[in-house]
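Worksheet for the structure shown next.
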Amino acid sequence: MKVFVAGASGALGVQLVPELVAAGHQVVAMTRTASKQDGLRALGARPVVADALDPDAVARVVGEAEPEVIVHQLTALSEPTSAGDMRHPERSFAVTMTNRLRTESTDHLLAAGRAVGARRFVAQSFAAFRFARTGGPVQTEADPQTTVPDRRGRRWRLVAHPHRRRRGGDRRRGRSRPAGDLQHCRRRPRARAGVAAGAGERAGCQATQACPTLARAAGGR
């Protein structure tokens, strides 16, 4: 079977191409970088160079290859990214370019595939959920999804001023209790509004997370 792999020099493409070749398929490997052709030849594929965002270039190389199957592995995720990119993906070149490759380039490959009578089209994509670890390696929308724990709810914090005594003492035990003891609290409205918590609150949360014994003791009140 003749298989056309777009994005063959990417992280997944370089793993897929030798697997297809080993299975006995003829592989035409598309890359936009001419210097990567030798590497694709070494994997056993016939390389072609084209810009996936150029519909004419895509139509030309697909038309010359006349594949039975087209595999879409195009992304720009090899570009440098940061934590800020994850918070604001619309500002990230890697994310915005990958979105274009998964929309515009998909249309170009589909059109070229129809023109040559390709029988199958397989495209890499992304979903913001995870499938349950059941069944086979191929999942559909009908397969069960894994459950994600609800991270909302209550937190514990350490109150400042550990040497200050509460007025009236602890009526249950007949003694004073340091104000620095753990108290149950909910997330403050300002945190929900996007304002960072103070250093004392962060330290208290970290302390109770690091010591389950403290958390259990506080939970018994």
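Each value in this text was obtained by applying a stated rule to the coordinates, not by laboratory testing. Note that the structure is predicted; figures quoted are calculated from it, not measured. Using ideal geometry, Cβ is built from the backbone for each residue, glycine included, and neighbour counts are taken over all protein chains shown.
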Check your understanding: Which FRET efficiency value, to the nearest 0.05, do you get for ARG41 and VAL138 by plugging their Cβ-Cβ distance into 1/(1 + (r/R0)^6) with R0 = 35 Å?
Key -> 0.70
Review point. When Lys and Arg each count +1 and Asp and Glu each count -1, what net charge do the other residues less than 13 Å away from ALA65, Cβ to Cβ, add up to?
Key: 0
**Study point:** Contact order relative to length of the stretch 2-123, as percent, for alpha carbon pairs under 8 angstrom and 6 or more apart
**Key:** 28 percent
Check your understanding: How compact and how long is the stretch 1-119, expressed as Rg and Dmax of its alpha-carbon atoms in Å?
Key -> 14.5, 44
Check your understanding: What ranking, highest mean first, results for peptides 60-67, 139-146 when packing means the other Cβ atoms within 10 Å averaged over each residue?
Key -> 60-67, 139-146
